[in-house]
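Just so it is clear, none of the values below were taken in a lab; they were calculated from the coordinates. This one's a predicted model, so the numbers in the text were calculated from it and none came from an experiment. FYI the Cβ positions are ideal-geometry reconstructions off the backbone, even for glycines, and counts take in every protein chain you see.
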Amino acid sequence: MPSYQVRPAVLRDADAVAAIHAASSHAAYEGLVPDQHQSLPMEKRRAFWRDAIEYSEPQVHLAMDGDTAVGFVGFDRSRDPKSKNTTGEIWAIYVLPSHWNQGAGLALWDATREGLIEEGCTEVTLWIPLANNRALRFFELAGFKRETSTARTAVLGGVKLEEIRLKRKLD
């Protein structure tokens, strides 16, 4: 099993982040969201992640396998209305399918937890479509609990998906 190093992303990483986002989301939502609805233009993905990296909103970190980026996480304070200022949020976490179940997600989660604790956060949340069983299983194994009263409908590529917020204390 590879050992992954995690580092903050820099502007030149925007293309790699956009490519990981496209490949991983396509694999994660295959069969749930038709291909034609998943195709956010690559230039829009690059622009979003370039801005996120430049302005640290969210903070973006990469999981590296040697010199190759194989995953990323975006995290910051919670965007949810009425959340406490000590609540962090994982805005996005994606790993190339070729590196699923090999520890890259865990390395990203560990870096996220440390980063949020350094920022003074005491808990962390994230939103996951209920149909994304892989992500739900990963985060539940990491100690997150479903907040069943938060279920809502989100639109992903024109397709409605039910999603739920997960939460855990940071320690």
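Looking at the structure I just gave you, is E114 over 21 Å from A63 (Cα atoms), more than 15 Å from the chain's Cα centre (by Cα), not hydroxyl-bearing (S, T, Y) and not in a loop (DSSP other than H, G, I, E, B)?
It is false that E114 is over 21 Å from A63 (Cα atoms), more than 15 Å from the chain's Cα centre (by Cα), not hydroxyl-bearing (S, T, Y) and not in a loop (DSSP other than H, G, I, E, B).
Give me the residue from the stretch 94-115 that is in contact (Cβ under 8 Å) with a residue 40 or more places away in the chain and of a type in the set (A, V, I, L, M) and, out of that set, farthest from L136 (Cα to Cα).
This residue is A111.
For the stretch 122-171: of the residues being part of a strand (DSSP E or B) and of a type in the set (G, A, S), which is farthest from G31 (Cα to Cα)?
In this case the residue turns out to be S149.
For a quick check of your reading: which strands (runs of 3 or more DSSP E) sit entirely within the stretch 2-106 and have at least 2 residues that are hydroxyl-bearing (S, T, Y) and surrounded by fewer than 18 Cβ atoms within 10 Å (Cβ to Cβ)?
Of the strands (runs of 3 or more DSSP E) lying wholly inside the stretch 2-106, none has at least 2 residues that are hydroxyl-bearing (S, T, Y) and surrounded by fewer than 18 Cβ atoms within 10 Å (Cβ to Cβ).
If you go through the stretch 116-140 one residue at a time, how many are surrounded by 19 or more Cβ atoms within 10 Å (Cβ to Cβ) and within 15 Å of P8 (Cα to Cα)?
So the answer is 1.
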